[in-house]
Amino acid sequence: MNRTLHIGVVLLVVAIFGFGAWLNLRQGEPAEGTSTTGMVVGVEIGGPFELIDQTGATFTDRDLAGDYALIYFGYTYCPDVCPTELGQIAAAIDELGADGARVRPVMITIDPERDTPEVLAEYVPLFHERLVGLTGTEAEIRSVAQAYRVLFRKFEDPSYTDYLMDHSSFVYLLAPDGGVVGMFRYGTAPEEMAAAIRQHMKANS
Ligand code: NI
């Protein structure tokens with residue numbers, strides 16, 4: 001990761017936690033900070049969405065009902081963070097063995113301008129055969145990102161010809177009922193993600 005990007009990510013993390021604290025205050029609750037998994041305490045995260053998958057078909061939150069899901073917000077032009085994190089998600093699913101079939105990996109782009117279904121169709125199989133890539137209009141993406149408290153913005157880096165995106169980088173764990181039951185920070189080991197998922201499966205079996 002180059003220095004500019006690194007500083008950008010650090011600022012973004014500060015912004016996310018600042019935003020979380022602000023949301024808590026807005027809800028009239030004390031700003032309790034975050035739990036060890038980075039879950040913003042006292043804030044409702046997630047919700048319904050209607051987007052387009054890499055085959056061009058409509059894909060909504062209801063398509064995930066009945067399965068666990070690992071949702072990541074990123075973009076295909078990302079030079080480092082997104083490919084790393086998508087690799088970690090795939091590894092976590094492998095780590096679960098047979099139970100991995102009960103977990104749907106999903107990537108929602110925060111760069112719909114470039115990430116068309118065609119672009120996603122070439123990208124997602126590189127990480128996992130079942131990885132679903134979702135895109136939509138700018139308004140739809142802004143809305144789902146807001147629901148998940150994902151921050152993103154376009155920026156130019158002189159070492160790249162195309163623009164890059166600064167974005168928060170959490171992996172969200174959804175339970176079969178669609179509720180967000182966990183958030184993993186960037187860099188969480190696949191074994192740690194798998195263990196948390198296994199714990200949820202055990203508690204609900
Ligand atoms: Ni990225």
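The values are calculated or read from the model by the stated rules, or taken from the named source; none is laboratory data. These numbers come from a predicted model, not from an experiment. For neighbour counting, all protein chains shown are included, and Cβ atoms are generated from backbone atoms with ideal geometry for every residue, glycine included.
Tabulated data for the structure shown
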read-out	value
Which listed residue is more than 16 Å from the ligand (Cβ to nearest atom) and in a loop (DSSP other than H, G, I, E, B), from PRO112, PRO158	PRO158
Those residues of segment 122-148 which are within 18 Å of GLU85 (Cα to Cα) and in contact with a Gly (Cβ under 7 Å, 6 or more places away or on another chain), in sequence order	TYR123, VAL124, PHE127, TYR148
Top-ranked residue of segment 145-155 - restricted to ones that are part of a helix (DSSP H, G or I) and in contact (Cβ under 8 Å) with a residue 40 or more places away in the chain, ranked as farthest from the ligand (Cβ to nearest atom)	ALA147
Residue list for segment 164-200, restricted to those being more than 23 Å from ARG114 (Cα to Cα) and within 16 Å of the ligand (Cβ to nearest atom)	TYR172, PHE184, ARG185, TYR186, GLY187, THR188
Meets criteria (away from the ligand (no atom under 12 Å from the Cβ) and in a loop (DSSP other than H, G, I, E, B)) for PRO105	no
Segments classed as strands (runs of 3 or more DSSP E), wholly inside segment 48-93, with at least 2 members that are of a type outside the set (Val, Ile, Thr)	50-53, 68-74
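Conditions (1) surrounded by 15 or more Cβ atoms within 10 Å (Cβ to Cβ); (2) modelled with pLDDT of 95 or more; (3) within 18 Å of VAL180 (Cα to Cα), marked per residue:
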site: ALA69; (1), (2), (3): yes, yes, yes
site: ALA91; (1), (2), (3): yes, yes, no
site: VAL106; (1), (2), (3): yes, yes, yes
site: LEU120; (1), (2), (3): yes, yes, no
site: PRO125; (1), (2), (3): no, yes, no
site: ALA139; (1), (2), (3): no, yes, no
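A quick yes/no check of all residues on (1) of a type in the set (Gly, Ala, Ser); (2) within 16 Å of the ligand (Cβ to nearest atom):
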residue	(1), (2)
ALA57	yes, no
LEU64	no, no
THR84	no, yes
GLU95	no, no
SER143	yes, no
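A quick yes/no check of all residues on (1) over 19 Å from VAL43 (Cβ atoms); (2) of a type in the set (D, E, K, R); (3) more than 15 Å from the chain's Cα centre (by Cα):
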{"position": "ASP115", "(1), (2), (3)": "yes, yes, yes"}
{"position": "GLU122", "(1), (2), (3)": "yes, yes, yes"}
{"position": "LEU131", "(1), (2), (3)": "yes, no, no"}
{"position": "PHE152", "(1), (2), (3)": "no, no, no"}
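Each row is one residue, and each column tells you yes or no for (1) modelled with pLDDT of 95 or more; (2) of a type in the set (D, E, K, R).
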position	(1), (2)
ALA98	yes, no
ARG130	yes, yes
ARG149	yes, yes
ASP157	no, yes
MET165	yes, no
PRO176	yes, no
MET183	yes, no
